[in-house]
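Shown next, in structure tokens, is the structure this report addresses.
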Amino acid sequence: MSVLPDLLGSGGSVLDLVPVVPVVVVDRAEDAVPLARALAAGGVPVVELTLRTPVALEAIRLIAAEAPEVVIGAGTITTPAQADAAVEAGARFLVSPGATPSLLAHLGSLPVPSLPGTATVSEVIAAREAGFTEVKFFPAEASGGTAYLGAVASVLPDVRFCPTGGITPASAPSYLALPNVACVGGSWLTPKDAVAAGDWDRIIALAAATAELRG
């Protein structure tokens, strides 16, 4: 369910593109394209744009149309209707904070890959039964962090995680060192004040620094 053959070649996965997937909130649609281009210029051509503001879908449309070099995804997907709207807007992957059986089934029916959110072993098993072997772990720090992921590695060896929630540049390397963690999600790459000020150079620098998080 998480393979992106049309974007990355046969067998490729969005989780393998970057060590840190930026979790982005956009309050002004006009910021979307320059923000996405700044991340790409810093070596992070992936954006998880969360559906937390009224302009989120328009921001996805703009990035998809004007910055095709960026793999734009939609986050905070909690309903099938949101998933459909995000795909229609141009999202190339979807991320949910959690997943019910009906949401899992709907995500699995869509033409783009999804990372369903999980926080317990039972939720991971349910996602795997629905066909997903790459999932989000959220909220990571509040749900056990690296200790949890290390504990489940032996019982769910075929599942890869993208932990998100409370992760910082200081804690990211400990997550990335785990064999079942493909990447992490982080909001620190796009600070609210930098976006508001249009300080794209700062965002380029923050994106570039993520290359040092994984040796």
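Quick notes on this one:
- Residue with peak Gaussian network fluctuation, the chain [Cα springs, cutoff 10 Å], from Pro54, Pro80, Pro169: Pro54
- FRET efficiency, 1/(1 + (r/R0)^6) with R0 45 Å, evaluated for Ala196 and Ala81 via beta carbons: 0.90
- Considering only Val181, Val152, Val44, the Gaussian network model of the chain with Cα springs below 10 Å gives its largest mean-square fluctuation to Val152.
- Counting 0.36 nm for each residue step from Val55 to Ile125 and taking away their Cα separation leaves a gain of 21.8 nm.
- Legend: calculated FRET efficiency, Ala209 to Asp158, from the Cβ-Cβ distance at R0 = 30 Å, rounded to 0.05, equals 0.40.
- When each of Asp193, Asp31, Asp201 is scored by the number of other beta-carbon atoms lying within 10 Å, the sequence from fewest to most is Asp193, Asp201, Asp31.
- Cα-based shape type of the stretch 54-212, given that a ≥ b ≥ c are square roots of the gyration tensor eigenvalues and the cut on a/c is 1.5: oblate
- Seen from Ala32, the other residues with C-beta closer than 12 Å to its C-beta sum to a net charge of -2, counting Lys and Arg as +1 and Asp and Glu as -1.
- Between Ser102 and Ala142, the contour length at 0.36 nm per residue exceeds the Cα-Cα span by 11.8 nm.
- For the stretch 86-161 and the stretch 11-63, distance of Cα centres in Å: 20
- CD proxy at 222 nm, helix term only [per DSSP H run n ≥ 4: -39500 (n - 2.57); per residue of the chain; nearest 500]: -10500 deg cm²/dmol
Readers should treat all values here as calculations from the given coordinates under stated rules, not as data from a laboratory. Note that the coordinates shown come from a computational prediction; the quantities given were computed from them, not determined experimentally. Every residue, glycine among them, receives a Cβ derived from its backbone with ideal geometry; neighbour counts consider all protein chains shown.
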